[in-house]
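Down below is the structure, laid out as structure tokens.
The values are calculated or read from the model by the stated rules, or taken from the named source; none is laboratory data. Small disclaimer: the values here were computed from a predicted structure and weren't measured. Positions of Cβ are generated from backbone atoms using ideal geometry, with glycine treated the same way; all protein chains shown enter the neighbour counts. These area figures cover heavy atoms from the full protein model, side chains too; ligands, DNA and RNA do not enter into them. Shrake-Rupley method; radii C 1.70, N 1.55, O 1.52, S 1.80 Å.
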Amino acid sequence: MTTVEGTPAPLTDGSEGRPPALTLARVRLGPGGPLGRVRIDGGKVVAVAETDELGGQALDMNGRTVLPGLWDAHVHAAQWAGNRRRVDLAGLGSAHAVAEAIRSYARGLPDGEVLVGQGFRDGLWPDAPHKALLDSVCPDRPVALISADLHAAWLNSACLALVGRPGHATGLLREHDCFEVLRALPEVPVEVLDRWVAEACRDAAGRGVTGIVDFHFSDNLADWGRRAGRGPLGVRVRAAVYPGHLDAVIERGFRTGDVLPGTGGLVRVGPLKLFTDGSLNTRTALCCEPYPGLEGTPEAHGIEETPYSELVRLMRRATAHGIEPAVHAIGDRANTLALDAFAAVGCRGRIEHAQLLRAADVPRFAQLGVTASVQPAHAVDDRDVADRHWAGRTGRAFAYADLLAAGARLEFGSDAPVAPLDPWLGVAAAVHRTGDGRPAWHPEQRVPVRAALAASARGRTAIRAGDPADLVIVDADPETADARTLRRMPVYGTLLGGRWTHGPG
């Protein structure tokens with residue numbers, strides 16, 4: 001089943017049938033908008049009118065604001081679902097502080113169970129992660145700690161032996177080595193993981209989310225096809241493809257935007273995920289200038305994950321078969337290479353993250369038709385590590401206002417579990433450029449509320465007849481909300497194809 005790109009297929013889950021008709025009355029039509037009525041039938045918005053009358057069998061919204069449903073344009077769904085059950089290491093300021101937290105947590109676990117933690121940021125630590133430190137607090141239990149950016153893993157000796165790396169010198173593994181050891185850890189049973197993902201999707205709906213782009217490193221189409229068979233998903237999904245699965249997707253004749261059969265119209269084929277570099281926190285993002293303290297070393301400028309010629313080859317193969325590339329690029333050199341590859345192939349697509357940009361590259365996004373898929377929460381979470389490792393360059397880091405002014409299309413995401421799957425955190429970070437009470441970080445890169453909402457809704461800016469009835473109703477007007485309210489936006493209800501996934505039902 002193939003549908004027009006950008007137009008959601010109707011929900012056709014046989015257990016639920018046609019969505020009931022619904023009228024929302026006395027609802028504010030968008031931020032700062034007038035009161036009106038929204039009529040929904042058959043999963044679509046069929047009429048929008050400006051009026052403050054209640055009338056008929058309408059559901060009274062009492063002046064609440066209705067917005068297009070929100071999307072998270074960059075999620076690692078299974079990792080986010082699992083992360084919510086792991087040791088939270090966020091905010092710990094040293095390797096020794098992490099070790100002490102692990103010592104306390106390990107006391108409550110059954111013998112033999114692998115202790116998995118998530119969220120450490122060692123970019124500003126005064127000491128270095130080392131397996132010996134974890135061995136001192138957990139000599140026998142395997143311990144695997146995952147960095148906040150997902151690009152590094154810190155293991156103790158027991159865990160290194162478990163994943164077949166007993167001779168590793170430090171226990172701190174980055175990039176490909178990190179990904180390999182994490183895949184080698186014992187897996188949660190599929191039915192348990194699917195239940196966790198379903199719970200995470202329901203919670204996302206509670207924050208107004210109606211769709212996600214899932215970049216989990218797996219056979220995503222198979223995973224989401226299985227999950228759809230277990231019951232309603234609660235969100236629309238674009239399931240990314242990785243190079244190892246590209247040939248199989250091509251053989252099945254799938255193109256980006258195609259609906260995956262058997263998913264009730266909810267799951268579509270996503271983009272091909274490719275990498276140019278690593279991340280800021282691990283100092284592996286590929287940059288034009290060296291990282292302080294690493295000058296003269298082989299990785300002083302970061303890491304080139306995929307050679308340029310191979311990047312172009314993969315993009316050409318995918319594009320020839322209708323599969324859109326999504327290229328991970330964080331450092332300024334990486335973004336230049338990614339944009340050069342898009343120009344060489346002559347295709348449209350996405351750059352994921354686009355954190356540090358050369359000024360000359362900013363207008364190229366619009367010129368080449370490349371979407372900047374960015375995560376505004378990272379701008380406030382990483383401001384300190386950026387100030388240290390990208391010193392003198394942060395005026396062109398997370399440069400959302402510059403991209404907008406140049407005509408680029410922005411799509412906001414969280415990169416969950418790097419940041420929580422909550423679009424309001426990203427909206428507030430983009431609008432205010434701070435998340436902790438400090439003055440705005442590079443306030444010249446702030447974006448207006450309406451632009452931030454559009455970037456969180458795949459470009460939808462208003463409720464119009466003919467639109468899919470993917471809507472979110474909030475208790476505060478985002479246009480006038482202060483920073484705290486915007487971050488914690490109270491969500492009254494979420495509709496997906498005319499069905500309540502959160503709120504009244």
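Tabulated data
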item	result
Considering residues of region 250-284 that are among the basic types (Lys, Arg) and within 17 Å of SER373 (Cβ to Cβ) only, the residue farthest from the chain's Cα centre (by Cα)	ARG268
Top-ranked residue of region 253-280 - restricted to ones that are of a type outside the set (A, V, I, L, M) and in a strand (DSSP E or B), ranked as most open to solvent (accessible area, probe 1.4 Å)	PHE275
Scan of region 222-238 for residues that are under 18 Å from GLY257 (Cα atoms), surrounded by fewer than 23 Cβ atoms within 10 Å (Cβ to Cβ), in contact with a helix residue (DSSP H, G or I) (Cβ under 8 Å, 6 or more places away or on another chain) and not acidic (Asp, Glu), ordered by number	none
Out of ALA161, ALA152, sole residue that is under 15 Å from ALA184 (Cβ atoms) and either open to solvent by 30 Å² or more (accessible area, probe 1.4 Å) or not β-branched (Val, Ile, Thr) (or both)	ALA161
Residue match in region 101-120 (condition: polar (S, T, N, Q) and closer than 30 Å to VAL27 by Cβ)	no
The lone exception for ALA344 - which of (1) assigned to a helix (DSSP H, G or I); (2) of a type in the set (A, V, I, L, M, F, W, C); (3) farther than 23 Å from HIS301 by Cβ it fails	(3)
Long-range neighbours under 6 Å by Cβ, at least six apart or interchain, first residue touching a residue at least 24 places away in the same chain (Cβ under 8 Å) within region 462-476, second assigned to a loop (DSSP other than H, G, I, E, B) and charged (D, E, K, R)	ILE473/ARG64; ASP475/ARG64
Selected residue [part of a strand (DSSP E or B), at pLDDT below 95 and open to solvent by less than 60 Å² (accessible area, probe 1.4 Å)] from GLN79, GLN118	GLN118
Hits in region 436-451 (condition: open to solvent by 40 Å² or more (accessible area, probe 1.4 Å) and in a loop (DSSP other than H, G, I, E, B))	ASP436, GLY437, ARG438, PRO439, HIS442, ARG446, PRO448
Set HIS168, HIS216: member being of a type outside the set (S, T, N, Q), in a loop (DSSP other than H, G, I, E, B) and touching a residue at least 60 places away in the same chain (Cβ under 8 Å)	HIS216
Whichever residue in region 316-341 is crowded, with 22+ Cβ neighbours inside 10 Å and either among the aromatic types (Phe, Trp, Tyr) or under 11 Å from LEU246 (Cβ atoms) (or both) and, among such residues, is nearest to the chain's Cα centre (by Cα)	PRO325
Pick from region 469-495, criterion part of a strand (DSSP E or B) and touching an Asp or Glu at 6+ places or on another chain (Cβ under 8 Å), ranking: surrounded by the fewest Cβ atoms within 10 Å (Cβ to Cβ)	TYR492
Test for ALA73: is it at negative phi, open to solvent by less than 10 Å² (accessible area, probe 1.4 Å) and in contact (Cβ under 8 Å) with a residue 60 or more places away in the chain	yes
Residues within region 367-384 that are more than 20 Å from the chain's Cα centre (by Cα) and crowded, with 17+ Cβ neighbours inside 10 Å, tallied	1
Residue selected from region 168-189 under the condition more than 21 Å from the chain's Cα centre (by Cα) and within 16 Å of LEU134 (Cβ to Cβ), by the criterion surrounded by the fewest Cβ atoms within 10 Å (Cβ to Cβ)	ALA169
Answer from GLY498, GLY466 - the residue that is of a type in the set (Gly, Ala, Ser), over 18 Å from GLY33 (Cα atoms) and open to solvent by 30 Å² or more (accessible area, probe 1.4 Å)	GLY466
Subset of region 299-336 [among the small types (Gly, Ala, Ser), part of a loop (DSSP other than H, G, I, E, B) and within 17 Å of ASN281 (Cβ to Cβ)]	ALA300, GLY302, GLY331
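Every residue, every condition in (1) in contact with an Asp or Glu (Cβ under 9 Å, 6 or more places away or on another chain); (2) without any contact (Cβ under 8 Å) to a residue 12 or more places away in the chain; (3) hydroxyl-bearing (Ser, Thr, Tyr); (4) closer than 29 Å to VAL427 by Cβ, yes or no:
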site	(1), (2), (3), (4)
ARG207	yes, no, no, yes
ILE212	yes, no, no, yes
GLY229	no, no, no, no
GLY244	yes, yes, no, no
PRO261	no, no, no, no
GLY265	yes, no, no, yes
CYS287	yes, no, no, yes
PRO292	no, no, no, no
THR319	no, no, yes, no
